[in-house]
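Written below as structure tokens is the structure these notes are about.
The values are calculated or read from the model by the stated rules, or taken from the named source; none is laboratory data. Note that the structure is predicted; figures quoted are calculated from it, not measured. A quick note on method: Cβ atoms are made from the backbone with ideal geometry, for glycine too, and the neighbour counts reach across all protein chains shown.
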Amino acid sequence: MITSAQNTQLQEQVAQCPSCNEDTTFTYRGEQRWPERVAQALGVAPEVQLWICNQCHTTISTPESKAS
């Protein structure tokens, strides 16, 4: 399930994109939430943040617990 950002304030982070290898800005797009049993089976966090590369539009995810 993907939920959109509830906050209207634009959130951005600068990092190197793993797809295009550019130092670029990533824009926060929302959260993806997994049922606990599914997350455990997949070995992922139950909630991850979704970010989009402003250069190549690749979507990456970061675990909620590690988000800054």
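Looking only at residues in segment 9-39 that are surrounded by 10 or more Cβ atoms within 10 Å (Cβ to Cβ) and among the hydrophobic types (A, V, I, L, M, F, W, C), which one is nearest to residue 51 (Cα to Cα)?
My answer is 26.
Among what's in segment 2-44 and is touching a Phe, Trp or Tyr at 6+ places or on another chain (Cβ under 8 Å) and among the hydrophobic types (A, V, I, L, M, F, W, C), pick the residue that is modelled with the lowest pLDDT.
Of everything passing the filter in segment 2-44, 5 is modelled with the lowest pLDDT.
Name, by its number, the condition in (1) at pLDDT below 95; (2) not in a strand (DSSP E or B) that does not hold for residue 60.
Looking at each condition in turn, residue 60 falls short on (2).
What pairs come up if the first residue lies in segment 1-19 and is under 15 Å from residue 31 (Cα atoms), the second is modelled with pLDDT under 55, and their beta carbons are under 9 Å apart, counting only those six or more places apart or on different chains?
11/5
Restricting to segment 14-68, count the residues that are among the acidic types (Asp, Glu) and in contact with a Pro (Cβ under 6 Å, 6 or more places away or on another chain).
So the answer is 1.
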